[in-house]
Amino acid sequence: MSESADELELEAQSLENGKSKKKPKKPDTRYHRSLVYVFSSHHKAGAKEIPFEREALTAAGKKLKLKPLKNLGDAIYSYRYRVPLPHEITSTAPEGYSWVIMPAGKGKYRFELIKGSPFIQPRTDAVVIKIPDATPEIITANDQGDEQAVLARIRYNRLIDIFLGLTAYSLQNHFRTFVKDMGQIETDEVYVGVNKQGQQFVIPVQAKGNDDLLAVIQTKQDLACCREKDKLKELTCRPVSAQFMKDKTIALFELVEEEGGVRVAEERHYKLVASSEITIEDRARYALKS
């Protein structure tokens, strides 16, 4: 989950209050109206970027004579990572394109037009691959069902290695850094890896559980980080997103940046099960595919 410094603080407060386990509430209509006002005030035909500052929402609220807006950071966070932008904004995007809100520094943002959808969603017709579950029972018994639980399962079962076909090592959780023209971001977990030819990789991983959405702007931030940071920029960047689904399947996506948008290069669905649940027929089917 790549986030700005302001949003990281808000997320920390949310975790302390236990709100992160609850389904996000529908955004306050005041934020909806204020955001639309800011966008409409600066949007021109053919525009691909529209910069604005967080306080512009406060000014918009005053012009619209709305009750004062309090939690501006949380409102922007919701529209960036949890819910679609208002229809008044999305309807202005050309066919095949979407508006997203990108960070542009502390308290600064920009509406940016990208190709494709702003969110990554698992296919409903994907084949589920059974993997022997190596997660320690004490971890399974005490996980909180959030993205950290997803990351733990991925780590203990070496799903990054299996998915990408290389040997990967977890470098750091909650990797925070400053990216030029964006500000501070955070990546859920960063792996480094090597393949049989000796090529080395950096693999930023973002994860979401159940009802939360995977936003492409997180991948765009991770790619920007890989391009900018010393040592990391010397490695081949292969961003991965993980979605923990309601049936306990873990959907993994390898993502690439293309024509200003983010596309899915590879998608696989894995289910961690007891070895006894993997049948002879399953093994035979997997052997044929390999």
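Quick notes on this structure:
- Residue within the range 262-276 that is in contact with a helix residue (DSSP H, G or I) (Cβ under 7 Å, 6 or more places away or on another chain), under 27 Å from Asp211 (Cβ atoms) and modelled with pLDDT under 95 present: yes
- Test for Tyr31: is it within 25 Å of Asp181 (Cα to Cα) and modelled with pLDDT under 90: yes
Rundown of residues vs (1) modelled with pLDDT of 90 or more; (2) within 21 Å of Val36 (Cα to Cα); (3) surrounded by 14 or more Cβ atoms within 10 Å (Cβ to Cβ); (4) of a type in the set (Asp, Glu), yes/no style:
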{"residue": "Glu88", "(1), (2), (3), (4)": "yes, yes, yes, yes"}
{"residue": "Val100", "(1), (2), (3), (4)": "yes, yes, yes, no"}
{"residue": "Asp133", "(1), (2), (3), (4)": "yes, no, yes, yes"}
{"residue": "Ala149", "(1), (2), (3), (4)": "no, no, yes, no"}
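- Test result for Gly116, within 30 Å of Ala265 (Cβ to Cβ), surrounded by 12 or more Cβ atoms within 10 Å (Cβ to Cβ) and not acidic (Asp, Glu): yes
- Residue check: Gly96 meets all listed conditions (1) touching a residue at least 40 places away in the same chain (Cβ under 8 Å); (2) of a type in the set (Gly, Ala, Ser); (3) on the phi > 0 side of the Ramachandran plot but one, namely (1).
- Condition met for Leu171 (farther than 22 Å from Ile120 by Cβ and in contact with a Cys (Cβ under 6 Å, 6 or more places away or on another chain)): no
- Some residue of the range 90-105 being in the same structural domain as Thr29 (by TED's automatic domain parsing) and assigned to a helix (DSSP H, G or I): yes
- Segments classed as helices (runs of 4 or more DSSP H), wholly inside the range 121-183, with at least 2 members that are free of Cβ contacts under 8 Å to residues at least 12 places away in the same chain, within 18 Å of Val273 (Cβ to Cβ) and not polar (S, T, N, Q): 137-142
- Selection within the range 60-79: residues that are over 14 Å from His32 (Cβ atoms) and surrounded by 15 or more Cβ atoms within 10 Å (Cβ to Cβ). The member of this set that is farthest from the chain's Cα centre (by Cα) is Gly73.
- Subset of the range 247-290 that is within 22 Å of Ala149 (Cβ to Cβ) and among the polar types (S, T, N, Q) - its residue that is farthest from the chain's Cα centre (by Cα): Ser275
The values are calculated or read from the model by the stated rules, or taken from the named source; none is laboratory data. Keep in mind that this is a model prediction, so the values were computed, not measured. Note that each Cβ is placed from the backbone with ideal geometry, even for glycine, and that neighbours are counted across all protein chains shown.
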